[in-house]
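Trainee: One structure, pasted below without further comment.
The values are calculated or read from the model by the stated rules, or taken from the named source; none is laboratory data. Note that the coordinates shown come from a computational prediction; the quantities given were computed from them, not determined experimentally. Using ideal geometry, Cβ is built from the backbone for each residue, glycine included, and neighbour counts are taken over all protein chains shown. SASA here: full protein model, heavy atoms, side chains in, ligands and nucleic acids out. Shrake-Rupley method; radii C 1.70, N 1.55, O 1.52, S 1.80 Å.
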Amino acid sequence: MKEPGRDSAEFARRAAEAQCRRGFEALPAHVAVLDETGAIMLVNRAWTDFARDNGAGSRAFGVAVGVNYLDVCRRASGADATARQALVGLEAVLCGAVAHFEMEYPCDAPNERRWFLMTADALDPQLPMGAIVSHLDISGRKLAELALAESEQRYRAVFDGAAVGMAELAADGRWQRANAALLRIVGRSAEELLANAPLGALTHPDDIDAASACLEMLRAGVVDRCTMETRLVRSDGVAVWTETALSCLRADDGALAGLIAVIADISDRKRAEERQWAMMRELEHRGKNLLAVVQSIAQRSLADGRSLAEARAAFLGRLQALAATYGALIDEGFGGARLDRLVNTALAAFPHAEVEGPSFVLTVKAAQTFGLIVHELTTNAAKFGALSRPDGALRVTWDVRKTAEGAKFAFDWRERYESPAPPGETGFGATILSRIAAAEFACEPELVHAPDGFHYRFEAPLDRLGGLVPVAPLRRALASEALGAFYDQWARLRGPRGELPQLSQFDWSRFVAVGALTLASVQPKGGLSLAQIGRAAPPELQGEDPTAFRCCAEDAAPRHDRLRFDFGDGAPLGAERLLLPFSATGAAATHVLGLSILGLSILGGGDRLPESERGGSRR
């Protein structure tokens, strides 16, 4: 006799089992139930479908009911670290050591990347009765995480390695993160910067209003990007001109969540703009003065009772002297003109003239008058004096002397010849040599016409003409005039405490046509990369040994080399090379620029180059 209600209980049990089975089959994860030995007792449809689609012999899922899953993992674990990790975890669950184990692992298909989450849970945490193993496809989430990580890695590489400053700021302008370039710009460590007040605390007082207005526009949502030029104050008090581009990071509701700042040091550009503006003002001023001088020269040249042809020749000669003076001023950036260049240019056609004096730079105003004086002296000597006859001799000297009245500049032009010469002209030329020189230089020029020669000299206060230029021993050793100009420009660009100049400030275009230019870039690990600039180096200098360039960079000092190439034909070829260091930071050298001058005359028939005993000029 059946127990009352037994049929209904059995029916309910079967219905519950069917419902559980349907739920088990509907699970998206691939699920299998293992006994305590690891044998598969039950699998769902997802497990079976995946095994079928991926082949019965696949590493993880090519199994069915009755197969020992531990054996499958053992066979795969020999060459697969993922399978070994799964085996260890599954064994720990089945033996009761742990109740739960999980791991994420890749399982790529031939045409797509896939990731799965494997979990193993004990059927009874207290007894080793078996486990439920599931594999859930997490490819979407995992690939998104990997893409995010790759994006973060690329961003970090750009952020940390950028040559310009980059920073992340909070909505209120507080620093949150900064790269090395920005720390160099503001002269602070990361700890000092992040502990400081907002961006405005580093902004120069005169630029705070402009920076605040930019931040307010970003906060109000008027714009999403703002660029401004402001000065940031370094820890040592030095103000650095920067161009700052701020970009918004906004929350879902549109509120400002943060800022990305890209900050470039534009100090060099600002200095160049200031120099350009000063040059424009100087050109305007000098242009007006030049027109007045030309007008005066024209009036006086045509008013001396000369014929038209003579007046024309005198006028053109004086204009050419004025043009030579302005050429010297332009080469020196209107900072003055070298006296030796003015004299040597005027006497270029007379190589036997002796010229000697220390390195001296005339002021812009003095150079204009001095150029005309030298021209008049040269013209008179070529027409009537020492330069017009074979027995003539000319010696030009200058020096600076200390007197009780202060430092004096002394100039001496002395002509010698055997037969008497007629005196020079007494027109405007004589006026330049006497009255104009006296007025400009506050001196009393002496003009002596003796039977054996002409003598012109004056002694004037030093500050009315210019000043001596300190000459380094290396500068005195340079035989080539081009290398001298190469060195002089570099020396003028050095900082007040001897900081190396930046390569962007150096005008190398002046030297492309006079020799072989080589640029060496210092690599982060001390290596060098060399490149030729302009015309190619002569074959003898191609493939230069980088040792000299490396020594110049390490010493952060110029290097002067004399090179000799002997081809066995009795005519050795000489070269003079000057290497100059530059720095992008003002400290360690980051570039070395070399100029090589090749020519037989440099060696002078020996194996050493001639050295000047004094700076300035000696002929």
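Trainee: Return, ordered by residue number, the residues of region 9-48 whose backbone nitrogen is under 14 Å from a label point located 7 Å along Cα→Cβ of Leu123.
Mentor: 32-43
Trainee: Follow-up. Per-residue counts of other Cβ atoms within 10 Å, averaged by peptide: what ranking do you get for 166-172, 338-344, highest first?
Mentor: Order by mean packing, descending: 338-344, 166-172.
Trainee: Using each residue's phi in region 547-563, evaluate 6.51 cos²θ - 1.76 cosθ + 1.60 at θ = phi - 60° and report the 3J(HN,Hα) Karplus result to the nearest Hz, with x for Gly and Pro.
Mentor: For region 547-563, the Karplus curve yields 4, 4, 5, 5, 5, 4, 5, 5, 7, 6, 8, x, 9, 10, 10, 10, 10 Hz.
Trainee: Computing the accessible area with a 1.4 Å probe over protein heavy atoms, can you report the carbon and sulfur percentage for region 7-143?
Mentor: 58 percent
Trainee: Let a ≥ b ≥ c be the square roots of the eigenvalues of the Cα gyration tensor of region 336-381; is it rounded (a/c under 1.5), or, if not, prolate (a/b larger than b/c) or oblate?
Mentor: Oblate.
Trainee: Could you order peptides 70-82, 352-364, 369-381 by the average number of other Cβ atoms within 10 Å of their residues, highest first?
Mentor: In descending order of packing, they fall as 369-381, 352-364, 70-82.
Trainee: Given labels modelled 7 Å from the Cα in the Cβ direction, how far is it in nm from Glu36 to Ala557?
Mentor: 8.6 nm
Trainee: Give me the one-decimal nm value for the distance between modelled label points at Glu192 and Ala588, 7 Å along each residue's Cα-to-Cβ direction.
Mentor: Each label point is offset 7 Å from its Cα along the Cβ direction, giving 1.9 nm.
Trainee: Report the FRET efficiency, 1/(1 + (r/R0)^6), for Glu168 and Leu143, where r is their Cβ-Cβ distance and R0 is 22 Å, rounded to 0.05.
Mentor: Step by step, r from the Cβ atoms, then E = 0.25.
Trainee: Would you tally the net charge around Ala120, using a Cβ to Cβ cut-off of less than 10 Å, leaving Ala120 out, and scoring K and R as +1, D and E as -1?
Mentor: Spelling it out: positives minus negatives among the neighbours equals -3.
Trainee: Still on this structure: What accessible area per residue, rounded to a whole number of Å², is obtained for region 7-143 using a probe radius of 1.4 Å?
Mentor: 55 Å²
Trainee: Taking amide H positions as placed in the peptide plane 1.01 Å from N, state which residues far from Asn44 in sequence (5 or more) or on other chains have amide H under 5 Å from it.
Mentor: Answer set, sorted by chain and number: Val31.
Trainee: Using amide H atoms built 1.01 Å from N in the peptide plane, name the residues 5+ places from Thr590, or on other chains, whose amide H lies under 5 Å from its own.
Mentor: So Thr590 has HN proximity to Phe582, Ser583, Ala584.
Trainee: Give me the number: length gained by fully extending Glu10 to Arg219, i.e. 0.36 nm times residue separation minus the C-alpha to C-alpha distance, one decimal in nm.
Mentor: Contour length minus the Cα-Cα distance gives 68.2 nm.
Trainee: Kindly rank 138-146, 574-582 from highest to lowest mean number of other beta carbons found within 10 Å of each residue.
Mentor: Peptide ranking by packing, descending: 574-582, 138-146.
Trainee: Still on this structure: Multiply the residue gap between Asn111 and Met228 by 0.36 nm, knock off their C-alpha separation, and tell me the result in nm, one decimal place.
Mentor: Net length gain for the segment: 37.2 nm.
Trainee: To continue, here is another question. Expected output is a single nm value to one decimal: the length gained when fully extending between Val400 and His352, i.e. 0.36 nm times separation in residues minus the C-alpha distance. What is it?
Mentor: Residue separation times 0.36 nm, minus the Cα-Cα distance, leaves 14.8 nm.
Trainee: Related question: Give me the net charge of Cys226's neighbourhood, meaning all other residues with Cβ under 15 Å from the Cβ of Cys226; Lys, Arg count +1, Asp, Glu -1.
Mentor: Taking every other residue near Cys226 into account, the sum is -3.
Trainee: Using the Karplus curve 6.51 cos²θ - 1.76 cosθ + 1.60 with θ = phi - 60°, what ³J(HN,Hα) values do you get for each residue of region 33-42, in whole Hz, with x for Gly and Pro?
Mentor: 10, 10, 7, 5, 8, x, 6, 7, 9, 7
Trainee: Quick check: from the Cα gyration tensor, does region 335-417 come out rounded (a/c under 1.5), prolate or oblate?
Mentor: Prolate.
Trainee: Here is a further query. Order the following by accessible area, largest value first: Val133, Val158. Probe radius 1.4 Å; ligands, DNA and RNA are ignored.
Mentor: Result, largest first: Val158, Val133.
Trainee: Working from the alpha-carbon coordinates of region 7-143, get Rg over Rh, Rh being the Kirkwood radius.
Mentor: 1.00
Trainee: To continue, here is another question. Determine the relative contact order of region 7-143: mean sequence separation of Cα pairs under 8 Å and six or more apart, normalised by residue count, in whole percent.
Mentor: For region 7-143, the relative contact order is 21 percent.
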